[in-house]
Amino acid sequence: MIVVGLTGGIASGKSFVIEYLKRKKIPTHESDLVVNKMYKKPSKDFLSYLKKNGFSNSITDNKINKKIIRDTVFKNKNKKIILEKFINKKTKSERKIFINKNRFKKIVFLDVPLLFEKKLDKEFDFICSTITSTAKREKRALARGDINKKIIRLIIKSQTNDKTRKSRSDYIINTSGSKNKTYLQVDNIIYDILSKLWERSF
């Protein structure tokens, strides 16, 4: 089985690529979905962890206000590290379950937003990064309606830049063009990876 890591900065097109992979019936795992579930239906352990580590103001009636947490971690680096420690442990556990479940598939994709930031390169056979211009990323992120330009720019600044992504990735998916151009890039990458898998078998 080939395990492909898919990564990219905020609003760079990862979700768009993931949806296309799903349409092609390729098993995919999304770290963002794991995290969203953690916030929507928080476990007692997660709530307890947040309370013990200075995030009590984000909790009301066992419900978590993500906006408060987001604003907090971008003002306090130590709290960001503390929060990510719990989240990364959970997402890593879920990735292992997913890989084991799909161990007989030829190829799987794992969407890991902080793949480079957390130095997870060696966990994957190949790495794909989505990239596009900063202007497009800001426009896409703003269109979601739950974030302002100041926070978007802070997030972009905190993430790996595209120059580094290109040097550490096996494949680059540029999502600046049309949907069909992005689809074609993804198709070509899958074909290339599976060709290498076929070559390995001889």
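The values are calculated or read from the model by the stated rules, or taken from the named source; none is laboratory data. Bear in mind the structure is a predicted one, so any value in this text is a computation, not a measurement. Quick reminder, even Gly has a Cβ in these numbers, built from the backbone with ideal geometry, and neighbours come from all protein chains shown. Side chains included, ligands, DNA and RNA excluded: accessible areas come from the protein's heavy atoms. Shrake-Rupley method; radii C 1.70, N 1.55, O 1.52, S 1.80 Å.
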Subject >> Cβ pairs under 7 Å, 6+ apart, first in segment 112-141 and free of Cβ contacts under 8 Å to residues at least 24 places away in the same chain, second not hydroxyl-bearing (Ser, Thr, Tyr) >> reply: Thr134/Ile156
**OP:** State whether one or more residues within segment 21-42 are touching a Pro at 6+ places or on another chain (Cβ under 7 Å), open to solvent by less than 60 Å² (accessible area, probe 1.4 Å) and under 20 Å from Asn88 (Cβ atoms).
**Re:** yes
**OP:** Determine whether Leu110 is within 30 Å of Thr72 (Cβ to Cβ), touching a strand residue (DSSP E or B) at 6+ places or on another chain (Cβ under 8 Å) and outside any loop (DSSP other than H, G, I, E, B).
**Re:** yes
Original post:
How many of the residues making up segment 2-47 are within 17 Å of Phe126 (Cα to Cα), in a helix (DSSP H, G or I) and among the acidic types (Asp, Glu)?
Top reply: 0
**OP:** Would you confirm whether any residue within segment 123-133 is in a helix (DSSP H, G or I) and either among the small types (Gly, Ala, Ser) or open to solvent by 40 Å² or more (accessible area, probe 1.4 Å) (or both)?
**Re:** yes
Original post:
Out of Ile151, Ile193, which single residue is out of contact with any Pro (no Cβ under 8 Å at 6 or more places or on another chain), of a type in the set (A, V, I, L, M) and either crowded, with 17+ Cβ neighbours inside 10 Å or assigned to a loop (DSSP other than H, G, I, E, B) (or both)?
Top reply: Ile193
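So how many residues does segment 48-61 have that are in a loop (DSSP other than H, G, I, E, B) and either under 15 Å from Asn148 (Cα atoms) or open to solvent by less than 90 Å² (accessible area, probe 1.4 Å) (or both)?
3
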Original post:
Any residue in segment 161-175 that is at pLDDT 95 or above, part of a helix (DSSP H, G or I), more than 20 Å from Ser15 (Cβ to Cβ) and in contact with a strand residue (DSSP E or B) (Cβ under 8 Å, 6 or more places away or on another chain)?
Top reply: yes
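Is it the case that some residue within segment 87-94 is in contact with a helix residue (DSSP H, G or I) (Cβ under 7 Å, 6 or more places away or on another chain), open to solvent by 90 Å² or more (accessible area, probe 1.4 Å) and closer than 29 Å to Ile2 by Cβ?
Within segment 87-94 (the criterion being in contact with a helix residue (DSSP H, G or I) (Cβ under 7 Å, 6 or more places away or on another chain), open to solvent by 90 Å² or more (accessible area, probe 1.4 Å) and closer than 29 Å to Ile2 by Cβ), the answer is no, since none of the residues qualifies.
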Original post:
Would you call Lys80 within 20 Å of Lys118 (Cβ to Cβ), open to solvent by 60 Å² or more (accessible area, probe 1.4 Å), in a helix (DSSP H, G or I) and in contact with a Phe, Trp or Tyr (Cβ under 9 Å, 6 or more places away or on another chain)?
Top reply: no
**OP:** Could you look through segment 55-91, keep only residues that are more than 17 Å from the chain's Cα centre (by Cα) and among the acidic types (Asp, Glu), and pick out the one that is farthest from Ser31 (Cα to Cα)?
**Re:** Asp61
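Only residues that are open to solvent by 50 Å² or more (accessible area, probe 1.4 Å) and under 17 Å from Ile147 (Cβ atoms): list them for segment 62-77, please.
Those that are open to solvent by 50 Å² or more (accessible area, probe 1.4 Å) and under 17 Å from Ile147 (Cβ atoms): Asn65, Lys66, Lys67, Ile68, Arg70, Phe74, Lys75.
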